[in-house]
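Notes follow once the structure below has been shown.
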Amino acid sequence: MTEIRVRFAPSPTGALHLGGARTAIYNWLFARSTGGKFLLRIEDTDARRSRVEYVEQIYNSLKWLGLNWDEEPVFQSQRLKAYQQAVQKLLDKGSAYYCFCTPQELEERRSRSGEYKYDGKCRLLGMEQINANFDAGKPAAVRFKIESGITEWNDLVYSNIRVNHNEIDDFVIQRSNGIPTYQLAVVVDDIYMKISHVIRGEDHISNTPKQILLYQALDEKVPEFAHLPLLMGTDGKRLSKRHGATGVNEYKALGYPSFAVFNYLALLGWVPKDGNEILSPPELVRRFHLTEIARKSAIFDMKKFDWVSNEHIKRFNNDEIYTNILPILIEKNLIDNEPDPQLKAYIFTFIDLMKSRLRTFQQFADRGNYFFKDPTVYDEKAVRKNWKSTEVNERLSILLERLKTLDTFSAESTEDLIRNVAEELDVSASKLIHPLRLTVSGYGVGPGIFELLAVLGKERVIRRIERGLQILPL
Ligand code: GLU
């Protein structure tokens, strides 16, 4: 059995986007589930668009997702010699030929014939003509010769794919400036890196027959191919900026846990046979089978993503959440640097109360700000709904006086008291609870009110009700 070796081959022309990350994840899962190797290749032959910053960004996003690679990354920009040698081999064998047609000539002939494919003009050039062209200083590209026939492969996702060679023209493998084209570089590198399985986006399906022919012409073993259906938005269109954030780094900045991003992307096109959907990377590795990837297009649905993320937050233990949210709480000035043990214990209780409701680490600071700072603004919609008249102020003032008398300020004692006051005032408890929640948190919704009161403590609660009574209704 040949060793399983796969690669992720991004072009560093932008940050790592969700589609690329999913391709990387499937490659990584396949390698880790088969004891194979996961490698990285930076496809930076396009010097104009490639940037070192993007290489760094891609590394960082991969590391953040936990997609560790097994060997030093290969950079295409450093492998020009190898490409030129391969081109020479193909020329020597007669599988490739020099083409002196200029872009203008090609364009002219194309518009005259209406045929986009290369017409094979330079295929017929004899040695003498070729030498004369070189002597005259004419630049030459190199084209790969396509003979008639059929190429087929058994795609691990798309099953059998057959392509008639009359659909392929003599494509360029080396430009007149000596730079190889994508088709050639990919094949030469996949051979060099001993890649056994090429797992990549479906947009590369049309490249695969060309690449198979190159392997054959270079007398090399053709790897297995698995093409991944593209990611779509819920509107059925290819996923793009229009659908929202598309960069992995953006989701990191939004505070999504990396496990959630990893998990959700892994589910876009594949669901474990046992039906479990909420899984950590090691749990995914144990279940992953490349051939189970579905052929249908994968829909990126933000609602489902948020659900997955919330499930992961619920699964984290409080220590893990604490480590992740501490820098955010500090950055947002909700707490000063290192908390003392008392504040740390308070943060743990806060995590307990909030974690079932949130989907990002960032939300602990945004939606949970009132655990640390008295509210200064109140949700207007909730005020309009629950604080229609100053009658509310009267009721809440009565409740306030009674709360002040409580010696133990627990979930049980506050609940008893609130229910008693409601009965005495002959209103439902919710008539007290909603306005109370607004004054203590600024929000219309949140965790269970009695637990919340107990966690916030008597002093904060009293102070906040007093302030709310002065300001509300808005
Ligand atoms: N660099 C190519 C891309 O970003 C990948 C090529 C390949 O996987 O063969 O789409």
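Just the isolated ones, please: cysteines in the chain lacking another cysteine beta carbon under 4.7 angstrom.
Here Cys101 come out as lacking a disulfide-compatible partner, given the Cβ-Cβ threshold of under 4.7 Å.
Mind listing which trypsin sites (Lys or Arg not before Pro) in region 1-57 are in a DSSP loop and have 16 or fewer other Cβ atoms within 10 Å?
Arg48, Arg49, Arg51
For region 160-198 and region 72-136, what is the separation of their Cα centres, given in Å?
After rounding, the separation between the Cα centres reads 14 Å.
Limiting things to C-alpha atoms, what are the Rg and the maximum Cα-Cα separation (Dmax) for the chain, in angstroms?
31.6, 109
Have a look at His434, Phe262, Cys101 and report the one farthest towards the positive end of the charge dipole of the chain, computed about the Cα centre with Cβ charges (Lys/Arg +1, Asp/Glu -1).
Selected residue: Cys101.
Place a +1 charge on the Cβ of each Lys and Arg in region 153-303 and a -1 charge on the Cβ of each Asp and Glu, then give the dipole magnitude about the Cα centre in debye, rounded to the nearest 20.
About 420 debye.
If you find the alpha carbon centre of region 450-474 and of region 204-226, how far apart are they in angstrom?
69
From largest to smallest, what semi-axes in whole angstrom does region 116-236 give when each is the square root of 5 times an eigenvalue of its alpha carbon gyration tensor?
Each semi-axis is the square root of five times an eigenvalue, giving 31, 16, 15 Å.
Regarding region 1-154, what is the average projected area of its C-alpha convex hull, in nm²?
Result: 13.4 nm².
Using the C-alpha gyration tensor of region 183-338, what are the square roots of 5 times its eigenvalues, in whole angstrom, with the largest one first?
Listed largest to smallest, the semi-axes of region 183-338 are 37, 18, 17 Å.
Please give the Cα centre distance for region 23-58 versus region 344-369, rounded to the nearest Å.
35
So for region 384-432, Kirkwood radius off the Cα pairs, Stokes-Einstein at 25 °C and 0.890 mPa s: how many µm² s⁻¹?
218
Please list, by residue number, every one of the chymotrypsin sites (Phe, Trp or Tyr not before Pro) in region 74-170 that is coil in DSSP and has at most 11 other beta-carbon atoms within 10 Å.
Listed in order of number, the matching sites are Tyr116.
Just want to confirm a number: the relative contact order over region 406-474, from Cα pairs under 8 angstrom separated by 6+ residues, in percent.
37
Sort Leu406, Leu358 by Cβ crowding within 10 Å, fewest neighbours at the top.
Taking fewest neighbouring Cβ atoms as first place, the list is Leu406, Leu358.
Rank the residues His289, His434 as a footprinting-exposure proxy: fewest other Cβ atoms within 10 Å of their Cβ go first.
Final ranking by Cβ density, sparse to dense: His289, His434.
Find, among the GluC sites (Glu not before Pro) in region 1-80, those assigned to loop by DSSP (not H, G, I, E, B) with at most 15 other beta-carbon atoms within 10 angstrom.
Glu3, Glu71
Please report, in Å, the Rg and the Dmax of region 195-246, where both are computed over Cα atoms only.
15.2, 46
Mind checking the dipole of the chain: about its Cα centre, +1 per Lys or Arg Cβ, -1 per Asp or Glu Cβ, Debye to the nearest 20?
740
What per residue convex hull volume, in Å³, do the alpha-carbon atoms of region 276-384 yield?
So the per-residue Cα hull volume is 152 Å³.
For labels at Lys117 and Val445 in the simple 7 Å Cα→Cβ model, what's the distance in nm?
Each label point is offset 7 Å from its Cα along the Cβ direction, giving 5.9 nm.
Using amide H atoms built in the peptide plane, which far-off residues or other-chain residues are under 5 Å from Phe8 H to H?
Counting only residues 5 or more places away or on other chains, the set is Leu39, Leu40, Arg41.
Based on the inverse mean of 1/r over its pairs of different Cα atoms, what is the Kirkwood hydrodynamic radius of region 251-321, in Å?
By the Kirkwood definition, the hydrodynamic radius is 12.8 Å.
Using the basic label-point model (7 angstrom from Cα toward the beta carbon), what is the Arg162 to Arg384 distance in nanometres?
6.5
Can you tell me the relative contact order of the chain? Whole percent, Cα pairs under 8 Å, sequence separation 6 or more.
Over the chain, the number comes to 13 percent.
Considering only Ile195, Met127, Ala185, whose Cα is most displaced toward the positive end of the charge dipole of region 56-198, charges sitting on Cβ of Lys, Arg (+1) and Asp, Glu (-1)?
Met127
Each value in this text was obtained by applying a stated rule to the coordinates, not by laboratory testing. These figures come from a predicted structure and were not determined experimentally. Methodologically, a virtual Cβ is constructed for each residue, glycine included, from the backbone with ideal geometry; neighbour enumeration extends over all protein chains shown.
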